[in-house]
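Written below as structure tokens is the structure these notes are about.
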Protein chains: 2
Amino acid sequence: MAKIDLRASAQQSNDAVAARNRDLFGRNGVYVMNFIGSPGCGKTSILEYTARHLDGNFAAIIGDVQTAFDAERIRDCGVEAHAIETGGGCHLNAAQIASTVANIALDRLDFLFIENVGNLVCPSAFDLGENIKVAVLSVPEGDEKVRKYPALFVRADVVFINKMDLLDRCPYDAERVKEDALKVRPHVRIFETSATGGTGFEPWFEFLRSVR
Amino acid sequence: MAKIDLRASAQQSNDAVAARNRDLFGRNGVYVMNFIGSPGCGKTSILEYTARHLDGNFAAIIGDVQTAFDAERIRDCGVEAHAIETGGGCHLNAAQIASTVANIALDRLDFLFIENVGNLVCPSAFDLGENIKVAVLSVPEGDEKVRKYPALFVRADVVFINKMDLLDRCPYDAERVKEDALKVRPHVRIFETSATGGTGFEPWFEFLRSVR
């Protein structure tokens, strides 16, 4: 009996759609970022702050298991935002992105933010066709997350350490986190921010201006 | 061609092993808790505080994608702790628990803590044979998590709202969270704690004494 590896097959099918997405994004000159992090690490707040303070044309696709709260928050910044409710699904896949971007005028955009489902494990394995993966950590989560969830950090091009304003109240060694991240991904860019306080964003904005 | 629902089949197989685990736990008179929450919400800290301050015989099984840091923390409290490294897996399953408890003298225990992989989505669907599911939330994550991740909260028998010591620094409506949790699970027990500050644990200890 032939043994079929269903997981590998699903992955190949996802990768094929992701490649088509990537081609579409490239032809339209839009830079696409896939934000991945735990529930409540500040993904939406980072998008909000960026959309409010950086010049450019943005749109956002926001994945959530249920509810469209985060998409509404992004719309409140005057940014086009599309919610994908996965109905229990623990990550976004390339086909969901393909059908959503069919409703977005990509040629008018500079940047497309994709906010993945709040989950530090499953989303890292699924290419959506993005230019970069952005891992979002936050200070209250503790400083061992790079070591505990390596699958994301070997693939992340950018790492945020968010909620830096809580450093005085949470035991957290940011230097250790940076060392851990650089060890598994030597060219990763690391930004230390407080999205609610609006600090630390200038290097991130410079990065975005450089890739635009 | 017959269509096979592989997900349903895997679920049934897990449920069968979970039922055998539950039977084994019952025969040995050990009360088993499956702790589920985001990375860094305080699951391990709650177990540490409980093991240090409540009388009883404990053991713990600690799931992580990679590393055994949390199991080591529990051992430092003088509690037998077994690490399950899932190697990328996003949740524990009943078979992993069955093979781990084969190495634990269950008849000497009052309580077995299972700390699931840090993930608010996937672990909620997998019965391990536990007596209760314990959902752990924390204040810095934000107060909309019950609405955003309903699959866990319709099944949780206990909800912790942890890191209450950060209420003064994080916008968080604990009353809203409690209302949301009671709406989807009317008999849920809710404990508001600070595991690092050691506050709010007495009602939880009373609960554990009552089920022992």
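FYI, it's all coordinate maths here, none of it is from the lab. Worth saying up front: this structure is predicted, and the values here are computed from it rather than measured. No Cβ is skipped: glycine too gets one built from the backbone with ideal geometry, and neighbour counts run over all protein chains shown.
Under a plain spin-label model, where a point goes 7 Å from the Cα along Cα-to-Cβ, how far apart in nm are B:ARG52 and A:VAL154?
Placing both labels 7 Å along Cα→Cβ, they lie 3.5 nm apart.
Roughly what % antiparallel, to the nearest 5, for the DSSP beta bridges in region A:25-211?
5
How many times 2.2 N^0.38 Å is the alpha carbon radius of gyration of region A:149-205?
That works out to 1.15 for region A:149-205.
Within the P(r) computed for region B:1-71, what percentage of the Cα pairs occupies the region above 22 Å? Mind showing how you got there, number by number?
On the way: 1142 of 2485 pairs.
Beyond 22 Å sits 46 percent of the P(r) for region B:1-71.
How shielded is A:157-168 by partner chains, expressed as the average number of their Cβ atoms within 10 Å of its Cβ atoms? Present the calculation step by step, with values, prior to reporting the outcome.
Details: counts 0, 0, 0, 0, 0, 0, 4, 0, 2, 5, 0, 1.
Mean partner-chain Cβ count within 10 Å for A:157-168: 1.
Of B:SER124, B:GLY37, B:SER13, which is farthest towards the positive pole of chain B's charge dipole, taken about the Cα centre with +1 and -1 on the beta-carbons of Lys, Arg and Asp, Glu respectively?
Ranked along the dipole, the leading option is B:SER13.
What Rg and what Dmax come out for the protein assembly as shown when only alpha-carbon atoms are used, in angstroms?
In order Rg, Dmax, the Cα atoms of the protein assembly as shown give 21.7, 67 Å.
For chain B, give me every cysteine whose Cβ has no other Cys Cβ within less than 4.7 Å, ordered by residue number.
B:CYS41, B:CYS77, B:CYS170, each lacking another Cys Cβ under 4.7 Å.
So what's the gap between the Cα centers of region A:52-78 and region B:83-152, to the nearest angstrom?
After rounding, the separation between the Cα centres reads 32 Å.
Project the alpha carbons of region B:25-211 onto their principal axes and report the range along each, largest first, in whole Å.
44, 33, 30
Inside 10 Å of the C-beta atoms of B:62-72, what's the mean count of C-beta atoms belonging to other chains?
Average per residue, whole number: 3.
For A:ILE190, A:ILE62, A:ILE84, what ranking results if the residue with the fewest other Cβ atoms within 10 Å of its Cβ goes first?
Lowest to highest Cβ neighbour count: A:ILE190, A:ILE84, A:ILE62.
Would you mind giving the mean number of other chain beta-carbons within 10 Å of the Cβ of each residue in B:141-152, as a whole number?
5
I'd like the per residue volume of the convex hull spanned by the Cα atoms of region A:114-212, given in cubic angstrom.
Spelled out: Cα convex hull of region A:114-212, divided by residues, is 104 Å³.
Can you compute the charge dipole magnitude of region A:59-212 about its Cα centre, using +1 on each Lys and Arg Cβ and -1 on each Asp and Glu Cβ, nothing else charged? Give it in debye, rounded to the nearest 20.
360
Would you calculate the separation in nanometres between label points at B:VAL211 and A:ALA68, each defined as 7 Å from the Cα along the Cα-to-beta-carbon direction?
3.8
As a quick test, which of the pairs A:LYS183/B:LYS163; A:LYS163/B:LYS145; A:LYS163/B:LYS183; A:LYS183/B:LYS43 have an alpha carbon distance above 24 angstrom in this structure?
Going by Cα-Cα distance, A:LYS183/B:LYS163; A:LYS163/B:LYS183; A:LYS183/B:LYS43 fall outside the 24 Å limit.
Output the peptides B:92-99, B:43-50 sorted from most to least packed, where packing is the average of other Cβ atoms within 10 Å over each peptide's residues.
So the order, starting with the most tightly packed, is B:43-50, B:92-99.
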